[in-house]
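Colleague: Before I ask anything, here is the structure I am working with.
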Amino acid sequence: MDLSIIIPCHNLENFIDPLLSSLKQQEFTPFEVELIFVLDDCTDNTAKKLMQFQADQYRIHLINTIVHSCGLARNIGLEHSHGKYIWFVDGDDWILSSTAIKQILTIMKVQDE
């Protein structure tokens, strides 16, 4: 696994769609990327939206927790990550370029050589 993207979520039902759309548009072959959504005491339909999210290019993990802290939710995501690299993204953000992940991983690979 090349990259783990960790997304802490707390009641983001009305805000997470732009992020999900931008993740679906990513082109990053030949790299392997996983998405780790850490649902921190979500009481809205965030979990339902994420369960309906289909993106064949990713391994997707949903982790339920009650820590009431974005930082602690990120730490929980780290404990479940398998990627060589970690990228924290907030659930109300989105990725503008459809090749952002591929560009980042390509640069990281060159730096490792």
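The values are calculated or read from the model by the stated rules, or taken from the named source; none is laboratory data. These numbers come from a predicted model, not from an experiment. Cβ placement follows ideal geometry from the backbone for every residue including glycine, while neighbour counts extend to all protein chains displayed. For the accessible areas, the whole protein counts, side chains as well, though only heavy atoms, and no ligand, DNA or RNA atoms are used. Shrake-Rupley method; radii C 1.70, N 1.55, O 1.52, S 1.80 Å.
Colleague: Going through the stretch 80-106 one residue at a time, which ones are open to solvent by 60 Å² or more (accessible area, probe 1.4 Å) and closer than 12 Å to SER4 by Cβ?
Modeller: Hits for the stretch 80-106 are HIS80, HIS82, LYS84, ILE86, TRP87, PHE88.
Colleague: Under 6 Å by Cβ, and 6 or more places apart or on different chains, what pairs join a residue from the stretch 69-84 that is closer than 18 Å to ILE104 by Cβ and touching a residue at least 24 places away in the same chain (Cβ under 8 Å) with one that is surrounded by fewer than 13 Cβ atoms within 10 Å (Cβ to Cβ) and acidic (Asp, Glu)?
Modeller: Hits for this filter: zero, empty list.
Colleague: Applying the selection to the stretch 1-22, what residues are within 22 Å of GLU79 (Cα to Cα) and open to solvent by less than 10 Å² (accessible area, probe 1.4 Å)?
Modeller: Matches in the stretch 1-22: LEU3, SER4, ILE5, ILE6, ILE7, CYS9.
Colleague: Here are the criteria: (1) of a type in the set (Ser, Thr, Tyr); (2) free of Cβ contacts under 8 Å to residues at least 24 places away in the same chain; (3) open to solvent by 60 Å² or more (accessible area, probe 1.4 Å). Tell me which single one THR29 does not satisfy.
Modeller: (2)
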